[in-house]
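The values are calculated or read from the model by the stated rules, or taken from the named source; none is laboratory data. Source: prediction; values computed, not measured. We place every Cβ from the backbone using ideal geometry, glycine too, and count neighbours over all the protein chains shown. Protein only, heavy atoms only, side chains kept; ligands, DNA and RNA dropped before computing areas. Shrake-Rupley method; radii C 1.70, N 1.55, O 1.52, S 1.80 Å.
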Amino acid sequence: MTENTRSLRNILLYKCLFALTIWNHVSLSVENELFTSVSNNFQQDGLVKNVKSLSLLHTNSCQSKDNFDWVVIQNTTECLSLSEITNDNVKKLIALLTNLRQGSRLQNLTLTNVSVDWSALIEIFQTVWHSSIEYFNMNSVTQLSDIDSYDFDYSGTSMKALTMKKVLITDMYFSQNDLYKIFADMNIAALTIAESEMIHMLCPSSNSPFRYLNFLKNDLTDLLFHKCEKLIQLETLILQRNKFESLHKVSVMTSHMKSLKYLDMSNNLLSHNAADMQCQWAESLTELDLSSNQLMDAVFECLPVNIKKLSLQNNQITSVPKGMTELKSLEELNLASNRLADLPGCSGFTSLELLNTEMNLILTPSANFFQSCPRVRELQAGHNPFKCSCELQDFIRLERQSGGKLFGWPVAYVCEYPEDLRGTQLKDFHLTELACNTMLLLVTALLLTLVLVAVVAFLCIYLDVPWYMRMTWQWTQTKRRAWHNHPEERETILQFHAFISYSERDSLWVKNELIPNLEKGEGCVKLCQHERNFIPGKTIVENIIDCIEKSYKSIFVLSPNFVQSEWCHYELYFAHHKLFSENSNSLILILLEPIVPHIIPARYHKLKALMAKRTYLEWPKERNKRALFWANLRAAININLPTRCEETD
């Protein structure tokens with residue numbers, strides 16, 4: 001079968017299929033047989049893509065879509081998808097489309113991988129324009145030859161929407177009017193030219209019926225539609241992923257679009273300088289997407305006054321200026337992925353209902369947000385680097401009172417600082433009232449300080465701490481003077497076996513009993529007594545320290561009289577100091593008379609401690625026990641005694 005004969009047979013079979021749809025009594029087997037024949041022949045010609053079924057039932061398989069950018073994915077009598085269109089088979093395609101006049105059921109046509117000359121491309125458009133097709137999609141289109149001027153006939157069309165994606169123009173030198181005028185003057189409701197590196201688009205020659213324009217991912221600049229007043233019916237304009245730079249020029253571009261409601265300028269290079277002229281937006285504009293640009297705080301001086309939905313996501317905004325123009329109609333505001341340090345107030349957005357501030361730099365959100373924004377029903381503030389501190393406690397309490405207005409709670413609200421709380425959900429972070437109430441903390445600290453001062457003062461008075469401090473100072477000063485004034489005494493030479501400390505009221509016992517029995521008995525002991533061994537000219541404290549340091553031992557004669565003596569207390573203190581400083585066992589306690597504990601002054605706590613911890617010798621009243629007493633005392637002194645006693649001065 002020749003190529004022309006096979007093409008003619010395919011067309012006739014296709015017409016037969018259309019005719020069969022009006023006959024309800026035609027058997028399904030006949031329909032299937034006809035379809036098989038047609039599909040096999042179309043597949044041989046390389047036109048039909050993924051042929052699976054061709055339903056001849058009366059069904060509306062192509063549903064109405066709000067988004068005109070819709071690609072047909074299956075072949076039916078209403079929707080047809082063809083691929084691999086070249087100069088070799090384009091005539092067959094045009095012959096097929098020529099038969100699809102008004103009244104045919106085919107409404108949706110998709111052509112994929114189209115590589116034809118300019119004249120063939122124009123002929124495809126012109127044929128489709130006068131067919132029953134309403135929605136025409138072209139993907140991956142390559143124009144091969146030079147672009148020439150063409151007088152396109154737009155009359156008598158059923159077309160509503162044209163979508164072209166990934167268009168490649170191989171002609172490097174052509175008149176822009178020859179190319180763009182074809183599309184600018186199309187009398188359809190929706191036009192999409194996406195991912196095609198398009199650098200310009202003309203303003204329509206007359207008032208355009210365009211209601212939807214989508215120029216996604218091209219190379220369009222601020223020159224687009226400059227002073228264009230013909231797009232008076234345009235409602236939706238998508239200019240995402242282009243090369244626009246001036247927000248002011250974009251606003252001027254829209255000022256002539258009297259019906260514009262939605263504008264998408266995301267992923268461009270937009271910025272705005274406060275010194276720029278006043279922006280001129282279309283008054284009808286209610287939804288604006290300015291996300292992923294280079295906008296800063298000054299953008300709030302260039303916004304449509306009637307805007308209801310505004311996206312400023314992923315810019316460089318640090319705050320919302322308080323003196324900005326009030327946007328009374330704004331209901332939804334997206335400020336995610338900026339540089340905000342706090343939640344913005346609603347002084348400029350009195351009708352705000354939804355706010356998104358996720359992924360900013362908010363450490364501690366304002367706790368009075370919902371008070372300044374009473375109409376907000378949803379706040380998205382998660383995924384910020386929250387600092388879990390006292391200031392954040394108020395915001396956490398705010399969540400409990402908001403009635404579920406925080407979107408993403410609690411998963412999206414996690415502590416970032418301090419380090420030890422990183423990863424903790426805000427709902428699990430708690431601090432006491434004392435830790436967060438500064439006034440309460442100050443009052444508590446003051447009371448504790450007063451109590452501590454009172455306790456320390458009481459202990460100082462009760463334990464006579466000033467007295468001990470004074471004694472320590474005197475001992476230190478005495479040692480320092482001795483060091484500087486008497487260098488020959490820096491190395492102390494022990495001269496006495498024991499220093500005797502006693503009360504003057506007990507001096508008779510010391511002189512009549514203690515001294516004679518130790519010094520004049522067998523194996524005499526050389527004792528240091530203040531009455532005979534203190535050096536005139538020295539202070540009493542210096543003499544006490546000097547005698548204690550020149551004696552092996554210190555004997556304390558304890559009695560009720562002893563505890564009442566101030567000087568006895570000095571001597572006990574210095575001897576006790578030597579005990580600890582030299583780590584020696586130099587103290588000998590003799591209990592001359594019983595001492596009732598309660599008569600010992602509080603400052604004599606050292607004496608109480610010594611009597612409780614150390615063994616002391618008690619003076620016996622019975623004479624027959626005194627020999628043992630002296631023997632024990634001599635043993636306690638434990639000194640190599642001389643063979644005979646020398647005369648004591």
Worksheet item: Using a 1.4 angstrom probe with every protein chain in place, what is the largest-first accessible-area order of Glu195, Glu229?
Response: Glu229, Glu195
Fill in: Residue-normalised accessible area of region 68-196, given per residue in Å² at a 1.4 Å probe
38
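Percent of accessible area on region 68-196 owned by carbon and sulfur, 1.4 Å probe?
Looking at region 68-196 in its full context, I get 50 percent from C and S.
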Worksheet item: Using all Cα-Cα distances in region 496-636, what percent lands in each 5 angstrom bin from 0 up to the longest?
Response: 2, 9, 20, 24, 22, 15, 6, 1, 0
Discussion item. What figure, in Å² to the nearest 10, do you get for the accessible area of His226 with a 1.4 Å probe and non-protein molecules left out?
Written reply: 120
Discussion item. Can you give me the accessible area per residue for region 496-636, using a 1.4 Å probe, in Å²?
Written reply: 48
Discussion item. Using +1 at the C-beta of Lys and Arg and -1 at the C-beta of Asp and Glu, which of Tyr150, Cys79, Leu96 has the Cα lying farthest in the positive direction of the dipole of region 68-196?
Written reply: Cys79
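Measure off, as a whole percent, the carbon and sulfur share of the 1.4 Å-probe accessible area of region 246-372, all protein chains present. All intermediate terms of the calculation are to be shown ahead of the outcome.
Working: 2420 of 5330 Å².
Heavy-atom surface of region 246-372 belonging to carbon and sulfur, 1.4 Å probe: 45 percent.
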Response to the item:
Amide H contacts under 5 Å for Ile317, restricted to residues at least 5 apart in sequence or on another chain and with H modeled in the peptide plane, are Arg339
Worksheet item: If amide H atoms are built 1.01 Å from N in the plane of the peptide, which residues on other chains or at least 5 residues away come under 5 Å of the amide H of Gln380?
Response: Leu355, Asn356, Thr357, Phe407
Discussion item. How large is the accessible surface of Met469 in square angstrom, using a 1.4 angstrom probe and rounding to the nearest 10?
Written reply: 130
Discussion item. If I take every Cα pair under 8 Å that is 6 or more residues apart in region 496-636, average their sequence separation and divide by the length, what percent do I get for the relative contact order?
Written reply: 24
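Could you work out what % of the accessible surface of region 496-636 is carbon and sulfur, using a 1.4 angstrom probe and leaving DNA, RNA and ligands out of the count?
52
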Worksheet item: Got the relative contact order for region 280-325 handy, in percent, Cα pairs under 8 Å and 6 or more residues apart?
Response: 47
Worksheet entry | Largest-first ordering by accessible area, 1.4 Å probe, given options Thr357, Thr449, Thr438, Thr286 | Thr438, Thr449, Thr286, Thr357
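How would Arg422, Arg626 rank on accessible area, largest to smallest, probe 1.4 Å?
Result of the area sort, largest leading: Arg422, Arg626.
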Worksheet entry | Assigned charges on the beta-carbon of Lys, Arg, Asp, Glu; region 68-196 dipole about Cα centre (debye) | 460
Discussion item. 5 Å is the cut-off here: which amide hydrogens, built 1.01 Å from N in the peptide plane, fall below it relative to Thr142, excluding neighbours closer than 5 in sequence?
Written reply: Val114, Ser115, Val116, Leu168
Worksheet item: Rounded to two decimals, what is Rg over Rh for region 80-153 when you use alpha-carbon atoms and the Kirkwood radius?
Response: 0.95
Worksheet item: Which of the pairs Lys550/Lys621; Lys243/Lys309; Lys91/Lys243 have their Cα atoms more than 30 Å apart in this structure?
Response: Lys550/Lys621; Lys91/Lys243
Worksheet, complete the sentence: region 131-150 scanned against label point 7 Å out from Lys166 along Cα→C-beta; backbone N under 11 Å for 139-142
Discussion item. Let me make sure I get this right: for region 398-444, a, b and c are the square roots of the gyration tensor eigenvalues over alpha carbons, sorted descending. Under 1.5 in a/c it's rounded, otherwise prolate if a/b > b/c, else oblate. Which is it?
Written reply: oblate
Discussion item. Along each principal axis of its Cα atoms, how long is region 299-394 end to end? Whole angstroms, biggest number first, please.
Written reply: 39, 27, 22
Worksheet item: Taking the Cα-to-Cβ direction at Ser329 and at Leu269 and moving 7 Å from each Cα, how far apart do the two end points lie in nm?
Response: 3.2
